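Report on the following structure.
The values are calculated or read from the model by the stated rules, or taken from the named source; none is laboratory data. The shown structure was predicted, so the numbers you read here are calculated from the model rather than taken from an experiment. When we count neighbours, we look across all protein chains shown, and the Cβ atoms used for this are built from the backbone with ideal geometry, even at glycine.
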Amino acid sequence: MAFLRVRGIGKAYKRYPRKWGRLAEWLGLGVHHENHWVLRDVTFDIAAGEAVAIVGANGAGKSTLLKLVAGTIRPTIGTIDAAGRISALLELGIGFHPDFTGRENVFMSGHILGISGDRIRELMQEIEAFAEIGDYFDQPVRRYSTGMQVRLAFSVATAVRPDVLLVDEALSVGDSYFQHKSFDRIRQFRSEGTTLLFVSHSPGAVRTLCDRAILLDRGMLVRDDVPDAVLDYYNALVAAHRAEYEIWQSARTSGRTVTRSGTAEATIETIELLGHGKPVRSVTSGDEVVIRIEVAVHRALPALTAGILLRDRLGNDVFGTNTYHLGATSGSLLPKTRIVVDFAINALALGVGSYSITAALHAGHEHVHANYDWWDRALVFDVVPARAPTSIGVCALEVAASWRAKDVSAIEVPHA
């Protein structure tokens with residue numbers, strides 16, 4: 001059963017040909033507006049306890065969609081039905097009065113969220129402690145930095161676990177410490193059954209927090225799938241907006257969707273992971289390996305950049321680089337030629353687990369300028385344990401541990 005139902009949502013704003021057009025229209029002077037649609041025909045369901053990311057380029061309609069769900073603006077067409085209490089962290093300090101103190105604003109914001117005054121008083125100490133803004137809590141909000149406003153806004157919005165939590169990009173401007181603290185609370189809410197609708201430009205946050213991702217492009221819903229598939233498609237879409245690129249989807253034998261995009265002026269023919277000079281799909285942590293890419297050149301190119309990106313099994317970026325940044329230039333290339341580029345890694349210091357390699361061919365320092373071929377998850381491989389101390393995580397770092405006494409009294413002298 002859907003916990004949040006969005007059906008055919010559209011939002012349009014009136015656009016007038018000149019400054020006084022709205023007044024002229026009201027007076028019946030023959031001036032008419034045209035509708036500028038920022039969202040059109042968006043439909044999706046979210047189940048109770050599900051976490052869904054909204055991704056897309058600036059201007060795609062992400063924040064508008066959250067405001068519609070929160071009820072701060074009304075849709076032009078369509079309906080939204082939500083069960084339970086919605087808490088939203090949208091624009092920074094929305095609802096805060098700059099001349100009132102943080103404590104006073106907590107009461108006002110709490111009332112907006114439907115929390116009684118008595119309940120706010122019970123929660124006040126916890127809200128103050130979570131925000132960690134010290135004496136500023138009893139000073140006017142106009143003295144707050146942007147980060148302090150984020151801390152207070154998040155603390156109030158999440159003081160009581162909501163049924164639905166809406167989070168915009170506001171957290172991205174806070175300091176790293178508070179971001180970690182906030183995401184820990186969001187994860188806790190998720191484990192307790194809160195439904196999350198989350199707007200972010202951070203692929204890592206989307207993959208870590210969310211079960212699904214919805215891609216908006218120019219106000220339209222173009223993809224609703226697992227985060228990896230949507231983010232891969234979005235990556236290709238970014239390049240497609242810069243030029244008339246071809247985007248294709250192909251189903252791998254594993255059943256996962258892989259995205260390739262590019263103009264095909266140069267294409268990746270094969271990619272291999274080599275250990276001891278032979279193709280492998282399993283390596284020992286710390287092994288010396290080579291990632292080898294064979295390239296077919298179809299048009300004359302003044303130079304070519306090849307890049308690699310390693311991701312863990314959750315799709316989080318682990319390491320990426322390319323020949324441009326490594327100072328390995330290809331030189332000019334003629335059509336109908338084949339070349340090979342090797343990325344030699346002296347010690348693959350990855351933790352035990354499954355990883356994928358994404359490969360790219362492009363001009364310059366990044367693929368969005370002239371993308372010839374981008375191949376997501378072109379190769380998957382496993383890292384197995386080495387003869388080293390046990391560790392967890394995606395990195396296998398060389399660590400030495402030792403003890404020493406800070407002072408003599410810290411050492412217990414055994415009795416004879």
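Note down all Cβ pairs under 7 Å where the first residue falls in region 61-74 and is not assigned by TED's automatic domain parsing to the domain that holds L197, the second is crowded, with 22+ Cβ neighbours inside 10 Å and assigned to a helix (DSSP H, G or I), and they're at least six residues apart or on different chains.
none
Residues in region 40-58: is at least one out of contact with any Phe, Trp or Tyr (no Cβ under 8 Å at 6 or more places or on another chain), at pLDDT 90 or above and either more than 30 Å from D232 (Cβ to Cβ) or part of a helix (DSSP H, G or I) (or both)?
No: region 40-58 contains no residue that is out of contact with any Phe, Trp or Tyr (no Cβ under 8 Å at 6 or more places or on another chain), at pLDDT 90 or above and either more than 30 Å from D232 (Cβ to Cβ) or part of a helix (DSSP H, G or I) (or both).
How many residues, within region 352-392, are polar (S, T, N, Q) and outside any strand (DSSP E or B)? Outline the logic, then answer.
Of the residues in region 352-392, the ones polar (S, T, N, Q) are 354, 356, 358, 371, 390-391.
The next check asks that each one be outside any strand (DSSP E or B); those that pass are 390-391.
Residues in region 352-392 being polar (S, T, N, Q) and outside any strand (DSSP E or B): 2 in total.
In region 2-22, what count of residues is obtained for those that are under 27 Å from the mean Cα position of the chain (by Cα) and either not aliphatic (A, V, I, L, M) or not in a strand (DSSP E or B) (or both)?
Count: 6.
Looking only at region 366-401, count every residue that is in contact with a helix residue (DSSP H, G or I) (Cβ under 7 Å, 6 or more places away or on another chain) and either modelled with pLDDT of 85 or more or under 18 Å from V289 (Cα atoms) (or both) and tell me the total.
Here the count works out to 3.
What tally of residues in region 71-91 results from selecting those that are assigned to a strand (DSSP E or B) and loosely packed, with under 14 Cβ neighbours inside 10 Å?
First, pick out the residues of region 71-91 that are assigned to a strand (DSSP E or B): 77-82, 86-89.
Okay, now just the ones that are also loosely packed, with under 14 Cβ neighbours inside 10 Å, so 79, 81.
Selection size over region 71-91: 2.
Would you check if E132 is modelled with pLDDT of 90 or more and in contact with a Phe, Trp or Tyr (Cβ under 6 Å, 6 or more places away or on another chain)? Give the derivation first.
On the way: modelled with pLDDT of 90 or more: yes; in contact with a Phe, Trp or Tyr (Cβ under 6 Å, 6 or more places away or on another chain): no.
Here the answer is no, as E132 does not meet what is asked.
Answer yes or no as to whether V160 is part of a loop (DSSP other than H, G, I, E, B), in the same structural domain as M108 (by TED's automatic domain parsing), farther than 27 Å from N316 by Cβ and modelled with pLDDT of 85 or more. Let's see the steps before the verdict.
Details: part of a loop (DSSP other than H, G, I, E, B): yes; in the same structural domain as M108 (by TED's automatic domain parsing): yes; farther than 27 Å from N316 by Cβ: yes; modelled with pLDDT of 85 or more: yes.
Taking the combined requirement at face value, the residue satisfies it.
Go through (1) in contact with a strand residue (DSSP E or B) (Cβ under 9 Å, 6 or more places away or on another chain); (2) under 23 Å from V280 (Cα atoms); (3) of a type outside the set (D, E); (4) assigned to a loop (DSSP other than H, G, I, E, B) one by one and return the number of the condition L397 breaks.
(1)
Could we say that A82 is in contact with a strand residue (DSSP E or B) (Cβ under 6 Å, 6 or more places away or on another chain), small (G, A, S), farther than 16 Å from F154 by Cα and touching a residue at least 24 places away in the same chain (Cβ under 8 Å) here?
Details: in contact with a strand residue (DSSP E or B) (Cβ under 6 Å, 6 or more places away or on another chain): yes; small (G, A, S): yes; farther than 16 Å from F154 by Cα: yes; touching a residue at least 24 places away in the same chain (Cβ under 8 Å): yes.
Spelling it out, A82 is indeed in contact with a strand residue (DSSP E or B) (Cβ under 6 Å, 6 or more places away or on another chain), small (G, A, S), farther than 16 Å from F154 by Cα and touching a residue at least 24 places away in the same chain (Cβ under 8 Å).
For region 61-77, which positions are out of contact with any Gly (no Cβ under 6 Å at 6 or more places or on another chain), of a type in the set (A, V, I, L, M) and at pLDDT 90 or above? Don't jump to the end; show me each part of the working.
Within region 61-77, the subset out of contact with any Gly (no Cβ under 6 Å at 6 or more places or on another chain) is 63-75.
Narrowing further to those that are of a type in the set (A, V, I, L, M): 65-66, 68-70, 73.
Of everything in region 61-77, those that are out of contact with any Gly (no Cβ under 6 Å at 6 or more places or on another chain), of a type in the set (A, V, I, L, M) and at pLDDT 90 or above turn out to be L65, L66, L68, V69, I73.
If you go through region 305-351 one residue at a time, how many are of a type in the set (K, R) and not in a loop (DSSP other than H, G, I, E, B)?
Within region 305-351, residues that are of a type in the set (K, R) and not in a loop (DSSP other than H, G, I, E, B) number 2.
Scan (1) over 30 Å from F3 (Cβ atoms); (2) of a type in the set (G, A, S); (3) at pLDDT 90 or above for the single condition A240 breaks and write down its number.
So A240 meets the others, but not (3).
Going through region 293-352 one residue at a time, which ones are of a type in the set (D, E) and either modelled with pLDDT of 95 or more or in contact with a Phe, Trp or Tyr (Cβ under 8 Å, 6 or more places away or on another chain) (or both)? Show your work before the answer.
Narrowing region 293-352 to residues of a type in the set (D, E): 294, 312, 317, 342.
Of everything in region 293-352, those that are of a type in the set (D, E) and either modelled with pLDDT of 95 or more or in contact with a Phe, Trp or Tyr (Cβ under 8 Å, 6 or more places away or on another chain) (or both) turn out to be E294, D312, D342.
In this structure, is F107 in the same structural domain as F154 (by TED's automatic domain parsing), of a type in the set (F, W, Y) and under 27 Å from D228 (Cα atoms)?
Working: in the same structural domain as F154 (by TED's automatic domain parsing): yes; of a type in the set (F, W, Y): yes; under 27 Å from D228 (Cα atoms): no.
Against the criterion (in the same structural domain as F154 (by TED's automatic domain parsing), of a type in the set (F, W, Y) and under 27 Å from D228 (Cα atoms)), F107 does not qualify.
Check whether at least one residue in region 123-133 is in the same structural domain as K14 (by TED's automatic domain parsing), touching a Gly at 6+ places or on another chain (Cβ under 9 Å) and part of a loop (DSSP other than H, G, I, E, B), and report yes or no.
Within region 123-133, one or more residues are in the same structural domain as K14 (by TED's automatic domain parsing), touching a Gly at 6+ places or on another chain (Cβ under 9 Å) and part of a loop (DSSP other than H, G, I, E, B).
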